[in-house]
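Novice: This is the structure, below, for whatever I ask next.
The values are calculated or read from the model by the stated rules, or taken from the named source; none is laboratory data. Since the structure is predicted, the reported quantities are computational estimates derived from the model, not experimental observations. With ideal geometry, Cβ positions are generated from the backbone for all residues, glycine too; neighbour counts draw on all protein chains shown.
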Amino acid sequence: MTQVRVVGEQMTRIRRSDAVENRARRLDAARVLFARDGLDVPMREVARHAGVGPATLYRHFPTKQDLAADAFAAEMQVCRAAVDEGLAAPSAWEGLRRMIDRLCVLHARNRGFTEAFLTTFPDAVDLSTERRVALDGVARLVRRAQAEGNLRRDFRPDDLVLTLLATRGLDGLPEADRPAAARRLAALLVEGLRAG
């Protein structure tokens, strides 16, 4: 009897793991398509891109706003992870460099998904807490990098927004070329932030 229970628990874990992976695949498909083509992408196209039927997509996301809101939340998690990974780096300068690289690439791929989402669904999320937490993390990383003597003393956490806005100039490049161009831009920007 114990063996049956263990096998049942293992099967439940496998099903849960599959459900998490399937959800992530659907949200990734939505993020890619919304970033590339805007929020007018039909749900049927998102389902096809995710490798599921439209009925499956609608079962998990009854409306496009539901799908867009969850895709946006996933996008914010990626941003938060970039800040958290920067903070976890032993060298604040290296953490700042990696964070800026990841965020520049994300913004280059994003191509306005955030703006489109917030314009289309202005009341769907409250970004104030998310922004405050992210900027607090960036501020801690900036202070550490400045204390190490690697980051310019005049750099402020709000300057990161200017850095990310610079990635908008990459919108005219072919989609496949944007990540490499974003990394190059990030590397140039980081060198400009180096102290001394």
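Novice: Does residue 102 satisfy the criteria of being basic (Lys, Arg) and either farther than 23 Å from residue 150 by Cβ or crowded, with 21+ Cβ neighbours inside 10 Å (or both)?
Specialist: Judged against the criteria, residue 102 is not a match.
Novice: Kindly provide the set of residues from the range 167-196 that are free of Cβ contacts under 8 Å to residues at least 40 places away in the same chain and among the hydrophobic types (A, V, I, L, M, F, W, C), ordered by number.
Specialist: Matches in the range 167-196: 173, 176, 180, 188.
Novice: Is one or more of the residues making up the range 136-152 in a helix (DSSP H, G or I), within 18 Å of residue 87 (Cβ to Cβ) and at pLDDT below 85?
Specialist: Within the range 136-152, none of the residues are in a helix (DSSP H, G or I), within 18 Å of residue 87 (Cβ to Cβ) and at pLDDT below 85.
Novice: Could you tell me whether residue 94 is touching a helix residue (DSSP H, G or I) at 6+ places or on another chain (Cβ under 7 Å), surrounded by fewer than 20 Cβ atoms within 10 Å (Cβ to Cβ) and either assigned to a helix (DSSP H, G or I) or in contact (Cβ under 8 Å) with a residue 40 or more places away in the chain (or both)?
Specialist: no
Novice: Would you mind stating whether residue 45 is of a type in the set (Asp, Glu) and touching a residue at least 12 places away in the same chain (Cβ under 8 Å)?
Specialist: For residue 45, the condition - of a type in the set (Asp, Glu) and touching a residue at least 12 places away in the same chain (Cβ under 8 Å) - is met.
Novice: Looking at the range 47-63 only, could you name the residues that are crowded, with 20+ Cβ neighbours inside 10 Å and either of a type in the set (Ser, Thr, Tyr) or under 15 Å from residue 35 (Cβ atoms) (or both)?
Specialist: 50
Novice: What are the residues in the range 136-159 that are hydrophobic (A, V, I, L, M, F, W, C) and crowded, with 16+ Cβ neighbours inside 10 Å, if any?
Specialist: 138, 141, 142, 145, 151, 155
Novice: Taking the conditions exactly as written (in a helix (DSSP H, G or I) and of a type outside the set (Ser, Thr, Tyr)), does residue 80 satisfy them or not?
Specialist: yes
Novice: Additional query: Identify all residues within the range 160-172 that are among the aliphatic types (A, V, I, L, M) and surrounded by fewer than 14 Cβ atoms within 10 Å (Cβ to Cβ); write none if there are none.
Specialist: Answer for the range 160-172, where residues must be among the aliphatic types (A, V, I, L, M) and surrounded by fewer than 14 Cβ atoms within 10 Å (Cβ to Cβ): 161, 162, 165.
Novice: Quick check on my filter: what residues within the range 115-134 are over 16 Å from residue 35 (Cβ atoms) and either assigned to a helix (DSSP H, G or I) or out of contact with any helix residue (DSSP H, G or I) (no Cβ under 7 Å at 6 or more places or on another chain) (or both)?
Specialist: Result: 122, 123, 126, 127, 128, 129, 130, 131, 132, 133, 134.
Novice: If you take the residues of the range 33-46 that are in a helix (DSSP H, G or I) and at pLDDT 90 or above, which of them is surrounded by the fewest Cβ atoms within 10 Å (Cβ to Cβ)?
Specialist: The selected residue is 44.
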